[in-house]
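S.K.: First the structure, which I've put down as C-alpha cells, then a few questions once you've had a look.
Here, each number is a calculation from the coordinates, and none is a lab measurement. Quick caveat: nothing in here was measured; it's all calculated off a predicted structure. Using ideal geometry, Cβ is built from the backbone for each residue, glycine included, and neighbour counts are taken over all protein chains shown.
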Amino acid sequence: MAVENVVIVGSGPAAYTAALYASRANLRPLVVEGEAGRDEGVPGGQLMITTDVENYPGFPEGVEGPELMELMRKQAERFGTRIRTAWVERLEASTRPFRVVTSEKEEIEARAVILATGAGAKFLGLPSEKELMNKGVSACATCDGALPVFRNKKLVVVGGGDTAIEEATFLTRFATKVAVVHRREELRASKIMQDKARKNPKIEFVWNSVVEEILDPKAGRVTGVRLKNVKTGEATVYDCGGVFIAIGHSPNTGFLKGAIDLDEKGYIKVTKGSYTSVEGVFAGGDCVDHVYRQAVTAAGMGCMAAIDAERWLEAQEH
C-alpha cells in the first residue's frame with residue numbers, strides 16, 4: 001500500500017478544515033472518521049448532536065449541526081479528500097513513516113498525521129437526559145443559551161468548576177434565574193469566578209445535591225429536575241425550563257497514550273501552533289483546546305494544522 005502524504009484522524013470542524021486546506025495544497029489527504037456506536041464520540045463530532053447552530057459565521061439564519069458538518073465534508077471532498085470509516089486504535093509514531101492502525105486491523109502508513117479527534121462532554125448518564133437532549137438539555141451554554149427554548153426561563157446548571165460557573169454567568173443574560181446544582185457545599189471554581197457568581201443576583205446555589213431525573217420526557221421538554229440531597233437523602237423537585245450539564249469534557253485521545261505527549265487531563269500538548277511532541281504529527285480542535293471548545297475555533301486550528309503539515313512536508317523534501 002502506498003504511503004499517504006497526510007492522514008487526518010477525526011471528522012469534526014477541525015478535521016474537515018484540515019482536509020480542505022491539505023486537499024487544496026494537492027496533498028490528497030485521507031480522513032479516517034469514526035463509526036457510530038462508540039463512546040469516543042460520533043462521526044462529525046459534537047455538532048452532529050446539536051440542532052441549531054446560530055454562532056457559526058456565514059449562516060445569518062443559523063444552520064443545523066448535522067447540515068453544517070455535511071457541507072464541510074462535501075467541500076473537503078470536492079478538492080480531493082478521501083474519507084474512510086473506521087476507528088483508529090493506535091498511532092505508531094516512533095518510526096517513519098507513521099502507522100495509523102484502525103479497528104479494521106488495517107495499517108495506514110503516512111508521512112504526516114493530523115490529529116483532530118475532538119472531545120466529548122461528560123454527562124450524568126440518565127435516560128431522561130438522553131431523551132431530552134436538544135429539547136431543553138444541553139452541554140454548551142455558549143452554543144445554545146441564546147436559543148428561544150431557554151430565554152426568560154429558570155435554568156439549571158449542573159457542576160461546580162470553572163466551566164459550570166462560566167456557563168451559569170453567561171446564561172443570566174437570557175434566563176430569569178440560574179440554579180447551580182453541586183454535589184458538595186463548596187465550589188471547585190477559581191475564587192474570582194466564585195466571587196463573580198455570588199454577586200450575581202440571578203444565580204442561586206443548590207448545595208450537596210445531585211440530579212436524579214430530568215423532567216419530563218413524556219412532555220417532550222424540560223419542566224424541572226428531581227434532586228436528591230446527598231447528606232439527608234431528601235428528594236425535591238426544582239421547576240425549570242432547561243438543564244445545562246457542565247461537569248467537564250473528555251478528549252478523545254485514549255489511543256494516543258505512549259505515542260505523543262498528553263497533559264494530565266488527556267489533551268494533546270502542542271507548541272509552535274499545532275506541532276505535537278513528535279515531529280510530523282500535528283493536532284488541532286477540541287482534543288487540544290479545553291478553553292474555547294467552539295466549532296469556529298476548532299476549524300481555525302484545523303487550518304493551522306494543515307498549513308503546518310504542508311510546510312513541514314515541503315521542508316523534508318529539501
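S.K.: Report the GluC sites (Glu not before Pro) located in the stretch 280-318 that are in a DSSP loop and have at most 13 other Cβ atoms inside 10 Å of their Cβ, or state none. The partial results should precede the final answer.
M.R.: Numbers: sites: E310, E314, E317; in loops: E317.
Filter output for the stretch 280-318: E317.
S.K.: Hey, got the dipole for the chain? About the Cα centre, +1 on K and R Cβ, -1 on D and E Cβ, debye to the nearest 20?
M.R.: On the way: 40 positive and 43 negative charges, 171 e Å.
Magnitude of the dipole: close to 820 debye.
S.K.: I want the antiparallel fraction of DSSP beta bridges within the chain, as a percent rounded to 5.
M.R.: Details: 28 of 60 bridges.
Among the beta bridges of the chain, antiparallel pairing accounts for roughly 45 percent.
S.K.: Pairs of alpha-carbon atoms within less than 8 angstrom and 6+ residues apart define the contacts here; what relative contact order does the stretch 84-208 have, in percent?
M.R.: The normalised contact order for the stretch 84-208 reaches 16 percent.
S.K.: Anyone know which of V237, V181, V158 comes out most mobile in the 10 Å Cα GNM of the chain?
M.R.: Comparing V237, V181, V158 in the GNM, the peak value goes to V237.
S.K.: I would also like to ask the following. Rounded, prolate or oblate: which one fits the chain, using the alpha carbon gyration tensor with axes a ≥ b ≥ c (rounded when a/c is under 1.5, else prolate when a/b beats b/c, else oblate)?
M.R.: On the way: a/c = 2.24, a/b = 2.00, b/c = 1.12.
It comes out prolate by the Cα gyration axes.
S.K.: Please give the calculated 222 nm ellipticity per residue for the chain, where each DSSP H segment of at least 4 residues contributes -39500 (n - 2.57) and the sum is spread over every residue; nearest 500 deg cm²/dmol?
M.R.: Details: 7 runs with 75 residues, N = 318.
Rounded to the nearest 500, it is -7000 deg cm²/dmol.
S.K.: Which of the trypsin sites (Lys or Arg not before Pro) found in the stretch 104-150 are in a DSSP loop and have at most 14 neighbouring Cβ atoms, other than their own, within 10 Å?
M.R.: When the trypsin sites (Lys or Arg not before Pro) of the stretch 104-150 are filtered for loop state and at most 14 Cβ neighbours within 10 Å, K105, K122 remain.
S.K.: Long-range amide H contacts for I83: which residues qualify at under 5 Å (H placed 1.01 Å from N, peptide plane, sequence gap of 5 or more or a different chain)?
M.R.: Result for I83 returns V31.
S.K.: Taking Cβ-Cβ under 4.7 Å as the only way to count a partner, pick out the unpartnered cysteines of the chain.
M.R.: Within the chain, the cysteines lacking a partner Cβ under 4.7 Å are C240, C287, C303.
S.K.: Kindly rank 141-150, 211-220 from highest to lowest mean number of other beta carbons found within 10 Å of each residue.
M.R.: Values: 141-150: 18.4, 211-220: 16.4.
Per-residue Cβ counts within 10 Å, averaged per peptide and sorted highest first, yield 141-150, 211-220.
S.K.: While we're looking at this one, here's another question. Sorted by mean Cβ packing within 10 Å, highest first, what order do the peptides 69-79, 166-176 take?
M.R.: Output ranking for 69-79, 166-176: 166-176, 69-79.
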